[in-house]
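Take a look at the structure below.
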Amino acid sequence: MEDQVKAPERYDVSAVENYWRKRWEETQIYRTEALPNKPKYYALEQFPYPSGHLHMGHVRVYTLGDVIARYQRMTGHAVLHPMGWDAFGMPAENAAIKSGIPPKVSTEANIAYMKQQMQQMGLSFDWSREVTTCSADYYRFTQQLFLLFYERNLAYQRAGAVNWCPSCETVLANEQVEDGLCWRCDSVVSKRDLTQWYLRITDYADRLLEGLQNIHWPEEIKAQQTYWIGRSEGAAVEFELMGYDERVRVFTTRPDTLYGATYVVLAPEHPLVEKLIQGSREEAEVRAFVERERRVSDIERTSETTEKRGIFTGAFARHPLTEEPIPVWVANYVLADYGTGAVMGVPAHDQRDYLYAVKYQLPIRRVVESSNGEPTELPYTASGVLVDSGPFSGMPSEEAKGAIAEHLKSIGLGEKRISYRMRDWLISRQRYWGAPIPIIHCPNCGPVPVPVDQLPVLLPDNVTFTGKGASPLAGAKDWVETTCPRCHGPGRRETDTMDTFIDSSWYYLRYTSAGDDKEPFDRRLADYWMPVDEYVGGKEHAVLHMLYSRFFTKVLHDAGWLSVDEPFQSLLVQGMVVYGGSKMSKSKGNTLSPETILAEWGADATRLFMLFAAPPEKDFEWSQQGVEGTYRFLQRVFRLVTRPRTSGTDEAALETLKRIEARTIKKVGEDLGVRRAFNTAVSALMEYTNALYQHLSAVPAHEQATLLETLVLLLAPMAPHLTEELWHQLSHETSVHLANWPTYDPAWLEESQVEIVVQVNGKVRGRLIVGADWSEEAIREAALAEDSVVSYLEGRTIKKVVVVPSRLVNLVVAG
RNA sequence: GCCGAAGUGGCGGAAUAGGCAGACGCGCGCGACUCAAAAUCGCGUGAGGCAAACCCUCGUGCCGGUUCAAGUCCGGCCUUCGGCACCA
């Protein structure tokens, strides 16, 4: 091999890349020990769903993660850099409905193909830790974790209205409904009343919020999670229902406006509605209204532009402070599953209540004025000073919030209360291709968990995929019918499977202990490797996978399974790959296949271009001419290293090269290790290469070799194949990827002479070479004597001289 | 509407702690090599002004401010993209 490519004009990309890939596989150079005696680094990229082919977005994420992993390896870390497959999910099941090919078969074929594609990219994964979520030796532990949640009262069954996707024929979690549409297939989501399994993520709302403060994540993602959790502080207020032995509980963030409450509104689904209308004059009318509103889709229900509609129930509630009777209404603008499903109407100080009160001619009572006494229009939603509020009149809003809540508490009609937007996580799915929920329903004992030693609950093979109705598992009769583990009577297995987001909520832990057949992960190993130091992925999972994984980690921490309680210390959210100005899609016909591109340019040029063309977090536009540029650059590097050249003894040239070498080592190290600015790392290497082209033949041969080795080492994380080839051509026997990152003598960074700029009133008027050790005084003298500056000073007086050492002198003159 | 991010040459982008705006690359132009082309190598390339320059003016979405000095900081807008959207 080495002989074959001694010094041709261009190097044979595919021959070199194939050769080295094979060698790396044979020698397993990326294999990580279980507990190495070295500082650790865990580099992770989101594992893909095995759809069949990688797309350009995958190529980008894995390139970014691979560069980080390789850099950390060269700087002396034990690096965990694993890959796996998020292999349960609907596409495989849908394909089975169409083609009859079992999900397991198509998934395995897809994995094999995509794995081969990843290998073609030259990614430094430790494949011995490969994890596949649909294999029984993974999902048995997914089931075990479910049982842990169940044991800790964090998994429960509840009946209620749930999101239903008619096309996927399954329910969805709130996080999986986007804009009223199914996140996967964009169908309009409707409501169904079903008994389903939930995970109690709301118990962790505050912890999930607080945890964001100590992790290095983009603001954008933190903001999205914060918003999603939606913590709001306020008060619960109770209104006694006149003529009933019942109370309506409302939640408000503005207890200070309580004196302005002129009515109470219930959501159409509120359980009290039925009680209040039974036998009343309004019964038929209200019931018709409720029926109608319940049929309206969620998108329409919750749109701000939907007209507010409501109806009087005929009942009255007693105002807790004034004791006046106020009417109880039912209206479409109150959400059943937020707060208490009921609100107090304060038209003077709430936009929605105001519109509603005007429409239905309900009284509007102002109880807050601006603090500066200026007149304000209604509705006045800002804070201010209370008026007409009994003993609280004159009190500033902020103070009154607490005071009124406390007063309510003293009379037993309310208290301070915190409410969250986030709901519990609905995890049941009426689908086949997921981990079965390990529960047996027993007529005597109720739901009984399958004992851990009986896991896994294997997916049955004998099912038919019709895509209609309930879970396909329900049709596997001999699978469903089983024995209750508690009373040994007949029992029926739960036929729903778990949301596949559960599989991906703990896979990063499994990598630390892949192959362990006793437990999901070994605490010692997980504690050594966790947290993930850099997690690379797309922003589409900002509140799905990223929130669920944090929740899982916190629960496992609390259960004593794990020391960390945040999984991902730092998050790198990469932008999209676009082509022809927009996101690639089949319908637009602007798709690019990694197969074609890798074949045409090779892995190194493709990788390098992705790194060079844009910072990782920005969208990146694929460009044919652009990749040609990085391809040319790699050819240029190849020629530089392999071409025979003369040598010389030019001291000045050597100094120039040593200086730029030191600067480049520092720059590339910072860019790859700290700043994640791969684009500027590439440009620094281009500059270094340009300098070597200019001066290399003027320096001694042994210096040439060192300077070239530096180039090869610095480029190695980004272009692994070419650099491996060149490293061997530079007479090294071992892999460049196991070599040490180059160091530099800081003395080379110190210049003895520096050029500084002389400004007059902030405008550049001249340049000056000064010694690095010159005093400010000396620099000032030299600047004032500078020829190009003198003419600007004639007839003017110098008011001030600003000297910034080794940068500039600014002469401030007047006249 | 609320939250977040971003606006810099023909294009992708750089400027990391307020200090020479436009690094690096693409494209384009000119030249060398060549019978020729490709490849390669060299030079030039923000706009405008001038006979010309190494000179002058303008220039980082817009308006204003702070500062000796602003792409960068502050105030007010505009535009684009993303998230959330009757959450009481």
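Annotations
- Among the residues listed as A:731, A:752, the single one being out of contact with any strand residue (DSSP E or B) (no Cβ under 6 Å at 6 or more places or on another chain) and within 27 Å of residue A:20 (Cα to Cα): A:731
- Test: residue in the stretch A:102-111 that is at pLDDT below 95, in a helix (DSSP H, G or I), under 28 Å from residue A:462 (Cβ atoms) and among the aliphatic types (A, V, I, L, M): no
- Looking only at residues of the stretch A:334-387 that are of a type in the set (Phe, Trp, Tyr) and open to solvent by 10 Å² or more (accessible area, probe 1.4 Å), we find that the one that is nearest to RNA strand B (Cβ to nearest atom) is A:338.
- Cross-chain or 6+ apart pairs with Cβ under 6 Å, the stretch A:109-120 first and touching a residue at least 24 places away in the same chain (Cβ under 8 Å), then open to solvent by less than 60 Å² (accessible area, probe 1.4 Å): A:110/A:50; A:110/A:52; A:111/A:50; A:111/A:85; A:114/A:50; A:114/A:54; A:117/A:54; A:120/A:598
- Hits in the stretch A:126-165 - residues which are more than 30 Å from residue A:62 (Cα to Cα) and in contact with a His (Cβ under 9 Å, 6 or more places away or on another chain): none
- Note on the stretch A:763-791: residues that are surrounded by 13 or more Cβ atoms within 10 Å (Cβ to Cβ) and part of a loop (DSSP other than H, G, I, E, B) total 2.
- Residue that is of a type in the set (Lys, Arg) and open to solvent by 70 Å² or more (accessible area, probe 1.4 Å), where the choices are A:200, A:158: A:158
- Picking from residues in the stretch A:753-809 that are among the polar types (S, T, N, Q) and more than 8 Å from RNA strand B (Cβ to nearest atom), the one that is farthest from residue A:655 (Cα to Cα) is A:797.
- Residue A:43 being small (Gly, Ala, Ser) and outside any helix (DSSP H, G or I): yes
- Exactly one residue out of A:621, A:651 is open to solvent by 70 Å² or more (accessible area, probe 1.4 Å) and more than 11 Å from RNA strand B (Cβ to nearest atom), and it is A:651.
- The set of residues in the stretch A:678-703 being within 27 Å of residue A:60 (Cβ to Cβ) and more than 6 Å from RNA strand B (Cβ to nearest atom) consists of A:678, A:681, A:682, A:684, A:685, A:688, A:689.
- Test set (1) open to solvent by less than 10 Å² (accessible area, probe 1.4 Å); (2) closer than 19 Å to residue A:286 by Cβ - residue A:327 fails condition number: (1)
- For the stretch A:516-540, filtered to residues that are out of contact with any Ser or Thr (no Cβ under 9 Å at 6 or more places or on another chain) and within 26 Å of residue A:57 (Cβ to Cβ), the residue that is most open to solvent (accessible area, probe 1.4 Å) is A:540.
- Flag for residue A:659 being buried (at least 17 other Cβ atoms within 10 Å of the Cβ) and either in contact with a strand residue (DSSP E or B) (Cβ under 7 Å, 6 or more places away or on another chain) or part of a helix (DSSP H, G or I) (or both): yes
- Subset of the stretch A:203-244 (residues that are open to solvent by 20 Å² or more (accessible area, probe 1.4 Å), within 30 Å of residue A:409 (Cβ to Cβ) and among the aliphatic types (A, V, I, L, M)): A:209, A:242
- Test: residue A:747 is over 18 Å from residue A:605 (Cα atoms), away from RNA strand B (no atom under 13 Å from the Cβ) and in contact with a Leu (Cβ under 9 Å, 6 or more places away or on another chain): no
- Candidate set: the stretch A:697-740, residues that are open to solvent by 10 Å² or more (accessible area, probe 1.4 Å) and acidic (Asp, Glu); chosen: the one nearest to residue A:119 (Cα to Cα): A:733
- Candidate set from the stretch A:792-802 (those that are among the β-branched types (Val, Ile, Thr) and surrounded by 13 or more Cβ atoms within 10 Å (Cβ to Cβ)); member that is modelled with the lowest pLDDT: A:798
- Applying the criterion of being within 23 Å of residue A:164 (Cβ to Cβ) and open to solvent by 30 Å² or more (accessible area, probe 1.4 Å) to the residues of the stretch A:416-429, the residue that is farthest from RNA strand B (Cβ to nearest atom) is A:423.
- Some residue of the stretch A:109-118 being within 27 Å of residue A:62 (Cβ to Cβ) and of a type in the set (Lys, Arg): yes
- All positions within the stretch A:569-605 that are of a type in the set (Lys, Arg) and assigned to a loop (DSSP other than H, G, I, E, B): A:586, A:588
- Of all residues in the stretch A:233-245 being touching a residue at least 12 places away in the same chain (Cβ under 8 Å) and among the charged types (D, E, K, R), the one that is farthest from RNA strand B (Cβ to nearest atom): A:240
- Among residues of the stretch A:263-315, those that are of a type in the set (Ser, Thr, Tyr), within 13 Å of RNA strand B (Cβ to nearest atom) and open to solvent by less than 30 Å² (accessible area, probe 1.4 Å), counted: 2
- All told, residue A:406 falls short of being part of a helix (DSSP H, G or I), closer than 17 Å to residue A:255 by Cβ, within 16 Å of RNA strand B (Cβ to nearest atom) and open to solvent by 60 Å² or more (accessible area, probe 1.4 Å).
- Of all the listed residues (A:631, A:688), the sole one being aromatic (Phe, Trp, Tyr) and open to solvent by 10 Å² or more (accessible area, probe 1.4 Å) is A:631.
- Scanning the stretch A:253-276 for residues that are in a helix (DSSP H, G or I) and within 21 Å of residue A:324 (Cβ to Cβ), we see that the one that is nearest to the chain's Cα centre (by Cα) is A:255.
- Top-ranked residue of the stretch A:526-541 - restricted to ones that are in contact with a strand residue (DSSP E or B) (Cβ under 8 Å, 6 or more places away or on another chain) and within 15 Å of residue A:573 (Cβ to Cβ), ranked as farthest from RNA strand B (Cβ to nearest atom): A:532
- Qualifying residue in the stretch A:246-259 (condition: open to solvent by less than 10 Å² (accessible area, probe 1.4 Å), among the aliphatic types (A, V, I, L, M) and either within 9 Å of RNA strand B (Cβ to nearest atom) or within 27 Å of residue A:552 (Cβ to Cβ) (or both)): yes
- Among the conditions (1) more than 15 Å from RNA strand B (Cβ to nearest atom); (2) surrounded by fewer than 17 Cβ atoms within 10 Å (Cβ to Cβ); (3) outside any loop (DSSP other than H, G, I, E, B), the only one that residue A:639 does not satisfy is (1).
The values are calculated or read from the model by the stated rules, or taken from the named source; none is laboratory data. In this text the structure is predicted, and so the values were computed from the model without any measurement. Please note: Cβ atoms are built from the backbone with ideal geometry, for glycine as well, and neighbour counts cover all protein chains shown. Note: accessible area is taken over every heavy atom of the protein model, side chains too, but ligands, DNA and RNA are not part of it. Shrake-Rupley method; radii C 1.70, N 1.55, O 1.52, S 1.80 Å.
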